[in-house]
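Below is one structure, written out as structure tokens; comments come after it.
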Amino acid sequence: MASLWSICISTLEAELAEQEFNTWVRPLQAIEGEGVLKLLAPNRFVVDWVNNNLLPRIGELLRGATAGGAPIITVEIGSRARSEAPVATRAATAPTFAPPRRVEGLVVGARLNPDYDFTNFVEGKSNQLARAASQQVGENPGKAYNPFFVYGDTGRGKTHLIQAIGNQFKKLYPTRKVFYVTSEKFKTDFTDSIQAGTPNRFREKYRQYDLIIMDDVQFLAKQEKTQEELFHLFNALYDNNKQIIFSSDRSPLQIPDIADRLSGRLSSGMTIDIGEPDNESRVTIVRRKAASHGVVLANEVAEYIATSVPGSIRELEGVVNSVVCHTQVKGIPPDIAEIRQSLRSFSRPTKTVSVKNIVSKVAEFYGIGEESIYEKTRRREVVRPRQVIMYLLREDFSISYPTIGSKLGGRDHTTVIHSCEKVKREIIDNTDLAKEIQDIRTLLV
């Protein structure tokens, strides 16, 4: 009988690019026990990438493959005896990894991005207070502001800021434990523990930490049992002077379908808003993002991008990534004329377009039938167009993940999140995909 992990491999192999699969999935070794799937990775880079990018998808695949409840999944550094070969066996040469960087206070499972810190957080009038308060939380956990709740529209730097707190905490308190988790991962962990009959193990896991950071707490709306579990976790941590941090796209009192007693807990400490960045901050973001890729933009170019691209910081960075990608291919920095031309291609559609129309345009672009987009098929020629559709619906029209999933054949919103994030990562390095999306956008204008 095939192992649970081997069941995941065929789907992951179809969904991921070959290089991505060989780099991040192939090195994993699986150890399966009663109610637990332990994935062993060669270093911290692989642990962090799998936790950040694959864990929700792996959990979804396992839930679909098990009738009696999916196992609890852990990812950690380690290896087993060489005779126990990894389950992922695609015929390819295993990549060579650099030695993992040691980070003080890092806890196995803590998925903090080490690049998120206060030194590279662009401060402006819109986030000055949030940044100052965040530093106080990192320096005086459990005392300064507890709980600490940061909210604001998508792409304004909330995740960067709350993870910067975690990274500062690790440096100042190397013997104490910090854990970053999305609300979706928390819900999945809790649901899996109930199905596996191990809720006490779940509670022990989350209550061991000195600092808990939960991102996108608004996705717990209507999740009554998960809300109740978070309520009890909150009380346990707070009563022991442990720091609790949340982020959301709206304030605690504006999140719909959240129990009153949990809403009261979320808003009982410091609640702070991150507003829209001013033009000076946007220019700084453009310059830093380009410079991180080794591209120096002229002042007029950086200012033109900052003022011409509407929307969130994330969208602004996405445009810079695309410009940088094309610049690297040409080998020279872009001038203002090239930027103007590029931004015409990267512009978002300004009119309302129905989901059916987008499906029709994308299916026609890739030469496939519209009906295949809605089917439960994993054929390669269908997977990419479907992911592009999900990405465009989310990025260009701000349609919610659950709605996208519902419109495209009743898919789970975690599948939509995975697809959108996958496309977002790939367009940075894949010039062909970036151009395809540009061309499709011109069809939708």
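The values are calculated or read from the model by the stated rules, or taken from the named source; none is laboratory data. Predicted model, so just to flag it, every value in this text is computed and none were measured. Because the Cβ atoms are built from the backbone with ideal geometry, glycine has one as well, and the counts that use them run over all protein chains shown. Side chains are part of the model used for accessible areas, which takes the heavy atoms of the whole protein and leaves out ligands, DNA and RNA. Shrake-Rupley method; radii C 1.70, N 1.55, O 1.52, S 1.80 Å.
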Subject >> Every pair of residues 6+ apart whose Cβ atoms lie under 6 Å, when the first sits in the stretch 193-210 and is in contact (Cβ under 8 Å) with a residue 12 or more places away in the chain while the second is among the small types (G, A, S) and not in a helix (DSSP H, G or I) >> reply: Q195/G69; A196/G35; A196/G69; T198/G35
**OP:** Scan (1) over 24 Å from V36 (Cα atoms); (2) touching a helix residue (DSSP H, G or I) at 6+ places or on another chain (Cβ under 8 Å) for the single condition K242 breaks and write down its number.
**Re:** (2)
**OP:** Name every residue in the stretch 158-211 that is touching a His at 6+ places or on another chain (Cβ under 9 Å) and modelled with pLDDT under 90, in order of residue number.
**Re:** E184
Original post:
Would it be correct to say that R282 is among the basic types (K, R), open to solvent by less than 50 Å² (accessible area, probe 1.4 Å) and under 25 Å from Q135 (Cβ atoms)?
Top reply: yes
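For N140, are the conditions met, namely being at pLDDT 85 or above, more than 20 Å from the chain's Cα centre (by Cα) and under 30 Å from R288 (Cα atoms)? Let's see the steps before the verdict.
Details: at pLDDT 85 or above: yes; more than 20 Å from the chain's Cα centre (by Cα): yes; under 30 Å from R288 (Cα atoms): yes.
Yes.
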